[in-house]
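Below is one structure; the comments refer to it alone.
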Amino acid sequence: MLRVLSPSSAQVESGAPSVPFTRLDFADPELMQELLAAVRHLAQRGAFTLGEEVELFERELAAFCQTEHAVGVSSGTEALALALRALEVGPGDEVILPTNSFIATAEAVSAVGATPLLVDVDPHTHLIDAGIVAQAMTPRVRCVIPVHLFGATVDLDPILALAREHGVHVLEDACQAHGARCNGGTAGGIGAIGCLSFYPTKNLGGWGDGGAVLTSDPELAQRVRLLRAHGEQPRYRHRIVGTTARLDAIQAAVLRRKLARLAGWNRQRRALAAELRERLCEIEPASAERAIEPQAAAPGGDHVHHLFVVRCRERDRLRAHLASDQIASAVHYPTPIHLTEAYAGLGLGRGSLPVAEGHAELICSLPLFPGMRQDEVDHVVASIERFAKGRGGRQR
Ligand SMILES: *Cc1c(COP(=O)(O)O)cnc(C)c1O
């Protein structure tokens, strides 16, 4: 599943670096040593499931996210599904979520037997807002899932107010926004309940799959704790029907050490993105087709730049041009959820959610990761400048 993760920046003929899409932990020898030592320690004690390492990680994560409770689970998708189950959302219920998210957001809704009610997004922020949610509200809606997409925070206060008015829950999908600040709190810790993913490439990534449910409601936290481990408490007393969805102790050990560095990494991401944005905005394109438009920040919000997303009418040529300069890029996501085969059954055809559909054709994500070097940033900017000025990306 992991693509374009070359560990080194091999020099190409021109002397310019090749720029990977992101970098994983093995690129940082000091971090690697620390993580390997933590994993070795656990393996030598045979402490693989729950236990002290998971509890310590949960406490540290809750503090970092300004919530009372964090419950470690096996993935972000499972975090969303267990959160929905804890909220008792199920068959017959509708859940509002944006169609431009990773498909997992919708899958979690389907997994609990509820129906995803997919909505469009703001063209500039790529996010849902209270106006969009208000328009989609029906008497069957039990929950709204704002997704802090790409690391940019949804303005939650108006959505929370609207949700209160309609008596529906707000479940934050913060799987791309670990540590982002918004509405006086931290992403994932502002609504009744929130979810994180620790997929390896996320801002806080493990060495495999993992996730967490965040909440300050002790009853919800307790329900998720029961659900993730067979409803069991104490041993062999099964209070409710649960599942196997625990966070592995090895993941917790890795994640604890990385959590200590997360604020610094997010600062680096913000600074890199600010530089990229500023320098890209200074470029005068030769034509509107070659203009590069970075995702706009939501006013008053934060952005921890899990991804740096730009829009360009000649997106595919831009990507080919970047590739020819040894610069990796990606598209998040090429197909809005309502147009996937998996969700064809919803009956939302092409043209039904036009903003997200338009984005899917025109967006691309540029390399951005902590530890990205100045020569790599310079190479990305120079390459895009050549493209925007019409000196690259011609069809060959
Ligand atoms: C990664 C992600 C998820 C799912 O997380 P997994 O850990 O891969 O299951 C859900 N929602 C969003 C927005 C994500 O980016």
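The values are calculated or read from the model by the stated rules, or taken from the named source; none is laboratory data. As the structure is a computational prediction, the values presented were derived from the model and not from experiment. As a convention, Cβ positions derive from the backbone with ideal geometry for all residues, glycine included, and neighbour counts pool all protein chains shown. These area figures cover heavy atoms from the full protein model, side chains too; ligands, DNA and RNA do not enter into them. Shrake-Rupley method; radii C 1.70, N 1.55, O 1.52, S 1.80 Å.
Just name the residue that is surrounded by the fewest Cβ atoms within 10 Å (Cβ to Cβ) out of those in the stretch 164-188 that are closer than 21 Å to VAL89 by Cα and within 16 Å of the ligand (Cβ to nearest atom).
VAL170
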Which numbered condition GLY208 fails, given (1) at positive phi; (2) within 11 Å of the ligand (Cβ to nearest atom); (3) buried (at least 23 other Cβ atoms within 10 Å of the Cβ): (3)
Of everything in the stretch 89-117, what is open to solvent by 10 Å² or more (accessible area, probe 1.4 Å), outside any helix (DSSP H, G or I) and near the ligand (Cβ under 9 Å from one of its atoms)? Give them in sequence order. PHE102, ILE103
Looking at (1) open to solvent by 10 Å² or more (accessible area, probe 1.4 Å); (2) assigned to a strand (DSSP E or B), can you tell me which one TYR199 breaks? (2)
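Condition check ((1) within 16 Å of ALA70 (Cα to Cα); (2) more than 16 Å from the ligand (Cβ to nearest atom); (3) of a type in the set (A, V, I, L, M)) across all residues:
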| residue | (1), (2), (3) |
| --- | --- |
| THR201 | no, no, no |
| THR215 | yes, yes, no |
| LEU220 | yes, yes, yes |
| GLY231 | no, yes, no |
| ARG246 | yes, no, no |
| ALA263 | no, yes, yes |
| LEU272 | no, yes, yes |
| ARG279 | no, yes, no |
| PRO285 | no, yes, no |
Which condition does GLY231 not pass, out of (1) open to solvent by 10 Å² or more (accessible area, probe 1.4 Å); (2) over 23 Å from the mean Cα position of the chain (by Cα), if it passes all the others? (1)
Could you please find all residues in the stretch 320-343 being surrounded by 20 or more Cβ atoms within 10 Å (Cβ to Cβ), more than 21 Å from the chain's Cα centre (by Cα) and in a helix (DSSP H, G or I)? HIS321, LEU322
Of all residues in the stretch 369-382 being within 22 Å of HIS306 (Cβ to Cβ) and out of contact with any Ser or Thr (no Cβ under 8 Å at 6 or more places or on another chain), the one that is most open to solvent (accessible area, probe 1.4 Å): GLN374
